[in-house]
Amino acid sequence: MSRKGGDAVYIWLMRHGKADADNGGKDEDRRLSLRGVTDAAGMAKVIKKHMNARRPVIYASSFARAVDTARAVASELGCLPVKKSSDLSTGDLNSFYCRVLRQETENDIICIGHTPYLEAWLHTWTGSVLRFSRAGVALVEYDPYDGPVGKGELIMYVQPAVLSLLRGCF
């Protein structure tokens, strides 16, 4: 699977890390907990180990916990700034495809958002069904020119719970 005249496009789908408990404020204002920051940084090491030479572009939902997750990942990867996308907040794949995926054909992309939207996007592209854990990451080899919103193949899925088992690998 490849972009027209080029190498494969890779999309990393990542659910935000664990957020602080609801303190009666707006859901979209909840920040990452300490565990969420730690898990996001750990998963960024997985991404770094498996990404190719191109610097990815990072898109995050506008919710605070997704932006915090994206900043932790971007810091580890050395690729700022983080771009906010309301499509990752609402799960609007058609809009994200038109605004981002058809435009970013020279870059790999990291999308940081929420369930159930990430699962729906993964299923639409690959036919795969999985449930994203907090800070879980799926790697998709993606072709933006196949089908109405592109098609892809699930390459791997990793969640923070396995990082201790893989100690030393990342």
Open item on the list: Can I get the semi-axes of the range 37-150's equivalent ellipsoid? Compute them from the C-alpha gyration tensor as square roots of 5 times the eigenvalues, in angstrom, largest first.
Closed with: 20, 16, 14
Task: the range 32-81-the range 93-170 distance, computed between alpha-carbon centres (Å) - done: 14
Open item on the list: Could you tell me which residue out of Leu13, Pro81, Ala66 lies farthest along the dipole of the range 1-119 toward its positive end? Charges go on the beta carbon: Lys and Arg +1, Asp and Glu -1, centred on the Cα centre.
Closed with: Pro81
TODO: Express the relative contact order of the chain as a whole percentage, based on alpha carbon pairs under 8 Å and six or more residues apart in sequence.
DONE: 31
TODO: Compute the long axis of helix 34-50 from its Cα atoms, compare it with the longest principal axis of the Cα atoms of the chain, and write down the angle in degrees, 0 to 90, nearest 10.
DONE: 30
Task: Rounded to 5, percent antiparallel among DSSP beta bridges of the chain - done: 55
Open item on the list: From the phi angles alone, apply the Karplus equation (6.51, -1.76, 1.60; θ = phi - 60°) to the range 142-148 and give each ³J(HN,Hα) in whole Hz, x where the residue is Gly or Pro.
Closed with: 10, 10, x, 9, 9, x, x
Open item on the list: Taking the Cα centre as origin and putting +1 on Lys and Arg beta-carbons and -1 on Asp and Glu beta-carbons, what dipole magnitude results for the chain, to the nearest 20 debye?
Closed with: 440
- [ ] Calculate, in nm to one decimal, what Leu130 and Asp29 gain on full extension: separation in residues at 0.36 nm each, minus their alpha carbon distance.
- [x] 33.7 nm
Open item on the list: Through the Karplus equation 6.51 cos²θ - 1.76 cosθ + 1.60, θ set to phi - 60°, convert the phi angles of the range 64-81 into ³J(HN,Hα) values in whole Hz; use x for Gly and Pro.
Closed with: 4, 5, 6, 5, 4, 4, 4, 5, 5, 5, 4, 4, 5, 8, x, 10, 9, x
TODO: Keeping the other protein chains in place, figure out the carbon and sulfur percent of the accessible area of the chain, with a 1.4 Å probe.
DONE: 48
- [ ] Calculate, for the chain, the solvent-accessible area per residue in square angstrom, rolling a 1.4 angstrom probe over the heavy atoms of the protein chains.
- [x] 49
Open item on the list: At 222 nm, what value in deg cm²/dmol follows for the chain if DSSP H runs of at least 4 each add -39500 (n - 2.57) and the sum is divided by all its residues, to the nearest 500?
Closed with: -8500 deg cm²/dmol
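The values are calculated or read from the model by the stated rules, or taken from the named source; none is laboratory data. Small disclaimer: the values here were computed from a predicted structure and weren't measured. Cβ atoms come from the backbone with ideal geometry, glycine included; neighbour counts cover every protein chain shown. These area figures cover heavy atoms from the full protein model, side chains too; ligands, DNA and RNA do not enter into them. Shrake-Rupley method; radii C 1.70, N 1.55, O 1.52, S 1.80 Å.
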